[in-house]
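Reading through the structure tokens given below for one structure.
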Amino acid sequence: MPGPRFLNNFPAGNATIVFNITAPSKHDQQSITFPFHNLNQDILSQRCPLLAGAFEEEKSGNARLELSTESPLAAEGLLRYLYTGDYLNNVEDAAVADTGLCADATETYVEISGLSDEDDDEDADFPDSLSLHVEMCRLGFILDINALQKMARWRFSGTLEESCSHPHPPPGLCEAIRLVYSSSVLQDDAIKDTLVSYCVDRYLQHHLGDNEFFKDVVFKLPRFASDLRLCCRKQDFKVEAAADIIRLISPDDVVTLPENDPPKECPAVDPFPRMSIRGAPGRQQGLLSRLFSGAAQSS
């Protein structure tokens with residue numbers, strides 16, 4: 001199985017990274033793995049010094065590392081960033097067009113997970129999707145790559161902002177919500193608050209109440225539903241979509257909105273806080289141990 005073509009522009013090495021990807025199936029979760037061979041450790045460690053000591057030497061003399069990601073595109077995106085400084089293919093404006101492995105990986109991922117173009121969440125695996133930006137931000141945090149975090153945050157914010165000019169939600173919205181609320185790294189991050197604010201502010205414009213995938217996320221993530229309600233409550237339920245949101249969350253509740261007051265938007269949240277988002281050393285070590293799943297068993 002060939003690797004992404006951009007790797008042909010760099011000297012080969014003797015390292016292999018195996019990405020473990022958990023595909024959500026209709027009944028449970030299945031793990032699929034995709035290896036990238038002949039990687040150059042020196043190149044990888046230039047943008048991520050943490051990786052310099054993460055590989056383990058095999059009996060053959062080659063180096064091996066296992067990492068966990070949420071999708072094949074995130075796996076390739078991380079490699080693309082480490083090699084080129086950008087996790088998107090800016091030349092063709094679509095990472096999928098340049099892939100060998102990723103195209104096959106995505107096809108297998110769809111087959112296992114039961115997703116298709118018809119029932120996927122607005123093309124959650126589209127290269128410039130919210131879900132990809134969120135996952136790259138998460139990987140940037142865990143691998144201590146500040147530049148990757150900043151790039152992913154800017155693109156996350158830009159994708160949301162651009163979507164406000166369209167009648168439909170941004171690609172990967174529901175998957176991004178799931179990633180944020182299932183990641184301990186992003187639970188206190190401004191990305192979560194920005195997502196909630198967007199969903200409340202654009203609930204009617206983007207017909208989120210009619211989106212089966214959005215409703216499924218609301219029902220399966222009680223904390224997300226609670227944050228939607230809290231965002232409305234902070235504005236005294238004067239947000240234009242407040243009544244519809246409360247009816248979605250709690251169909252039996254009766255909400256009386258204030259009269260004679262214009263609807264308010266939930267206040268925007270700065271997705272680029274001045275404070276550092278790095279965790280304490282102990283917490284970071286725990287995150288690394290989960291990211292490098294299986295590396296200790298490899299030899």
All but one of (1) more than 30 Å from Leu82 (Cα to Cα); (2) modelled with pLDDT under 95 hold for Cys199; which doesn't? (2)
Subset of the stretch 196-243 [more than 22 Å from Pro167 (Cα to Cα) and among the aliphatic types (A, V, I, L, M)]: Leu221, Ala225, Leu230
So, in the stretch 60-90, how many residues would count as being free of Cβ contacts under 8 Å to residues at least 40 places away in the same chain and more than 15 Å from Cys48 (Cβ to Cβ)? 2
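Sort through Pro251, Pro169 and tell me the only one that's touching a Ser or Thr at 6+ places or on another chain (Cβ under 7 Å) and over 24 Å from Leu50 (Cβ atoms).
Pro169
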Looking at the stretch 37-46, which of its residues are part of a helix (DSSP H, G or I) and hydrophobic (A, V, I, L, M, F, W, C)? Ile43, Leu44
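Would you check which residues across the stretch 47-82 are in a helix (DSSP H, G or I) and of a type in the set (Asp, Glu) and list them? Walk me through it before giving the result.
Step one: filter the stretch 47-82 for residues in a helix (DSSP H, G or I), giving 47, 49-53, 72-82.
Matches in the stretch 47-82: Glu76 only.
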Any residue in the stretch 156-167 that is touching a residue at least 24 places away in the same chain (Cβ under 8 Å) and over 18 Å from Asp189 (Cβ atoms) sitting within a Cβ distance under 9 Å of a residue that is crowded, with 18+ Cβ neighbours inside 10 Å and of a type in the set (Lys, Arg)? List the pairs, counting only those 6 or more apart or interchain. Ser163/Arg202; Cys164/Arg202
Any residue at all in the stretch 280-289 that's surrounded by 12 or more Cβ atoms within 10 Å (Cβ to Cβ), modelled with pLDDT under 90, under 23 Å from Ser157 (Cα atoms) and among the polar types (S, T, N, Q)? no
Filter result for the condition that a residue is free of Cβ contacts under 8 Å to residues at least 60 places away in the same chain, hydrophobic (A, V, I, L, M, F, W, C) and surrounded by fewer than 20 Cβ atoms within 10 Å (Cβ to Cβ), over Leu173, Leu204, Leu208: Leu204
Output the residue which, of all residues in the stretch 39-53 that are at pLDDT below 95 and hydrophobic (A, V, I, L, M, F, W, C), is surrounded by the fewest Cβ atoms within 10 Å (Cβ to Cβ). Ala52
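The values are calculated or read from the model by the stated rules, or taken from the named source; none is laboratory data. All of these numbers come straight from a predicted model, not from anything done at the bench. Cβ atoms come from the backbone with ideal geometry, glycine included; neighbour counts cover every protein chain shown.
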